[in-house]
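Bear in mind these aren't lab numbers, they're just calculated from the coordinates by the rules spelled out. In this text, all values refer to a predicted model and were calculated from it rather than measured experimentally. Note that we place each Cβ from the backbone using ideal geometry, even for glycine, and neighbour counts take in every protein chain shown.
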Amino acid sequence: MSGKQRQTFDLLRPFRKLNRSLRNRFLRRRFGEKWERRGALQNRTYSSYQDYIEHQKAKLATHDFGDYDVKFREALRARLALLAIDWRALNDLCVAARIGTEVKAFLDLGCRAIGIDLNPGKENQYVVEGDFHNLAFPAQSMDVVYTNSLDHAFDIERVAKEVARVLKPNGLLLVEAGTGSDRGGHPGFYESFFWDNLDELVRPFAMFGFSVTARIPITYPWPGEMICLKLS
Ligand SMILES: C[S@@+](CC[C@H](N)C(=O)[O-])C[C@H]1O[C@@H](n2cnc3c(N)ncnc32)[C@H](O)[C@@H]1O
């Protein structure tokens, strides 16, 4: 990058920041903070599925993710490498993968990996557009599904059913999630689903044939767990 280009980049930064902040304010007014509780699980209230989609798609343009892509790729690669799994040539689908940070971690380990996201941004070679309530992949086509975005679900049972459909028998679902509200967690503005604790988060998955095989504490990008669930 030339000196002139760098100067232009720096000059525009405050305007981009202001633009993000105004857009955030507008979205907060539009979507509000109404939640509905179902036992130990809560859903943000939307007036329609279209509103949910619009809200979820907005996050990419309203945030500066700094060095997250580098740091999370490395942290996830390191903890996946500790699992007793030969990752080479496994088919892995990362759902709600934004720009593809987790896809890169799985590729680093030798998987055939791809991501889907409502908003993968422009020219993303790792992630294609898709909705985790309605996956555009054939039944029993994946060895592994990874997600750290269940807090963005509209209908957790629908997500669990779709993941069970695309996984092969004995396939592995890896869920990374924050500990929940019993331990002081709370949903941010873009979250649409939340749980009191992780026992409750995994309960809907049992209805679709998953059983928990391991729970591993994690600290980055937030305190939580990597939960390994096997499909029977
Ligand atoms: C907290 S971000 C996490 C992104 C990514 N997993 C990472 O760690 O970099 C949540 C992501 O979920 C995506 N998302 C929300 N609802 C979705 C849906 N129904 N289907 C697919 N992606 C969705 C958003 O677009 C956003 O990129």
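Once you reduce region 20-88 and region 156-186 to the center of their Cα atoms, the two points are 14 Å from each other. Remark: spin-label model distance residue 141-residue 199 equals 3.8 nm, labels positioned 7 Å along the Cα→Cβ axis. Under 5 Å between amide hydrogens, built in the peptide plane, is the criterion, and for residue 35 it picks out 45 among residues at least 5 positions away or on other chains. Using C-alpha pairs below 8 Å separated by at least 6 residues, the relative contact order for the chain is 16 percent.
The length gained by stretching the chain between residue 51 and residue 23 to full extension, at 0.36 nm per residue less their Cα-Cα distance, is 8.5 nm. Computed over the chain with a Gaussian network model linking Cα atoms closer than 10 Å, the most mobile of 219, 101, 45 is 219.
If R0 is 22 Å, what FRET efficiency do you get for residue 165 and residue 214 from their C-beta distance, rounded to 0.05? According to the calculation, E is roughly 0.45. Split the chain at each of the GluC sites (Glu not before Pro) in a DSSP loop with at most 14 other beta carbon atoms within 10 Å, and the longest piece is 124-232. The modelled label-to-label distance between residue 69 and residue 12, using points 7 Å beyond Cα along the C-beta direction, is 1.5 nm.
Between 59, 122, 71, the residue with the greatest mean-square fluctuation in the GNM of the chain (Cα pairs under 10 Å linked by springs) is 122.
Shape annotation for the chain: C-alpha extents along the principal axes are 57, 42, 33 Å, from largest to smallest. Think of the chain as having a plus end and a minus end, set by charges on the Cβ of Lys, Arg, Asp and Glu; of 201, 229, 66, 66 sits farthest toward the positive end of this dipole.
Here the extension length gained between residue 33 and residue 232 equals 67.9 nm, from 0.36 nm per residue of separation less the Cα-Cα distance.
Remark: region 35-231 carries a charge dipole of roughly 400 debye about the Cα centre, counting +1 on each Lys and Arg Cβ and -1 on each Asp and Glu Cβ. Here the Karplus relation 6.51 cos²θ - 1.76 cosθ + 1.60, evaluated at θ = phi - 60°, turns the backbone of region 122-129 into coupling constants of 8, 6, 8, 8, 10, 9, 10, 5 Hz, with x for every Gly and Pro. Just the number, please: percent antiparallel of the DSSP beta bridges in region 116-232, rounded to the nearest 5. Roughly 70 percent of the DSSP beta bridges within region 116-232 come out antiparallel. Helices in the chain, meaning DSSP H runs of at least 4 residues, each add -39500 (n - 2.57). Divided by all residues, the mean residue ellipticity at 222 nm is -11000 deg cm²/dmol.
Among the chymotrypsin sites (Phe, Trp or Tyr not before Pro) found in region 167-232, those both in a DSSP coil and sparsely packed, with 16 or fewer other Cβ atoms within 10 Å of their Cβ, are 189.
Comparing mean-square fluctuations of 85, 114, 218 from a GNM of the chain with C-alpha springs under 10 Å, the top value falls on 85.
Annotation: the antiparallel percentage among DSSP beta bridges lying fully within the chain is about 60.
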